Amino acid sequence: MKETLESIIRALVTNQDAVSIKQIDGEQSVIFEVKVDESDMGKIIGKQGIIAKAIRTVMKALAAKENRRATIEFLD
């Protein structure tokens, strides 16, 4: 799942070297902490958070296949 999230994020940003994704595994859940360059944060969030919602929806669907819950946090 982390590889899928990373490929989605890298496709959206300009500075791909600044992309950092930390995966925290729990028993029934997984948390992804996403860090990107400050100038790319708007591209990840999108107008009114539409892109961020879409990313979360895709990752929740992937996690559901594994009977897990996914949470994506976008950090400054």
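Just checking, does region 22-32 include any residue being among the aliphatic types (A, V, I, L, M), under 12 Å from Leu5 (Cβ atoms) and more than 10 Å from the chain's Cα centre (by Cα)? Show your work before the answer.
Pass one, region 22-32, residues among the aliphatic types (A, V, I, L, M): 24, 30-31.
Among the residues that remain, those that are also under 12 Å from Leu5 (Cβ atoms) are: 30-31.
Filter once more, keeping what is more than 10 Å from the chain's Cα centre (by Cα): 30.
Yes, region 22-32 contains a residue that is among the aliphatic types (A, V, I, L, M), under 12 Å from Leu5 (Cβ atoms) and more than 10 Å from the chain's Cα centre (by Cα).
Ala63 satisfies every condition listed in (1) touching a Ser or Thr at 6+ places or on another chain (Cβ under 6 Å); (2) part of a helix (DSSP H, G or I) except (1).
So that you can scan it fast, the table gives a plain yes or no per residue for (1) in a loop (DSSP other than H, G, I, E, B); (2) out of contact with any Asp or Glu (no Cβ under 6 Å at 6 or more places or on another chain); (3) without any contact (Cβ under 8 Å) to a residue 24 or more places away in the chain:
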position	(1), (2), (3)
Thr4	no, yes, no
Arg10	no, yes, yes
Gln23	no, yes, yes
Glu33	no, no, no
Met41	no, yes, no
Ile44	no, yes, no
Gln48	no, yes, yes
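Residues that are over 13 Å from Ile8 (Cα atoms), without any contact (Cβ under 8 Å) to a residue 60 or more places away in the chain and not aromatic (Phe, Trp, Tyr) within region 54-76 comprise Lys60, Ala61, Ala64, Lys65, Asn67, Arg68, Arg69, Thr71, Glu73, Leu75, Asp76, listed in sequence order.
Could you tell me whether Ala52 is in a helix (DSSP H, G or I), small (Gly, Ala, Ser), at pLDDT 95 or above and touching a Phe, Trp or Tyr at 6+ places or on another chain (Cβ under 8 Å)?
Working: in a helix (DSSP H, G or I): yes; small (Gly, Ala, Ser): yes; at pLDDT 95 or above: yes; touching a Phe, Trp or Tyr at 6+ places or on another chain (Cβ under 8 Å): yes.
Judged against the criteria, Ala52 is a match.
The values are calculated or read from the model by the stated rules, or taken from the named source; none is laboratory data. Keep in mind it's a predicted model, so treat the numbers as computed, not measured. Please note: Cβ atoms are built from the backbone with ideal geometry, for glycine as well, and neighbour counts cover all protein chains shown.
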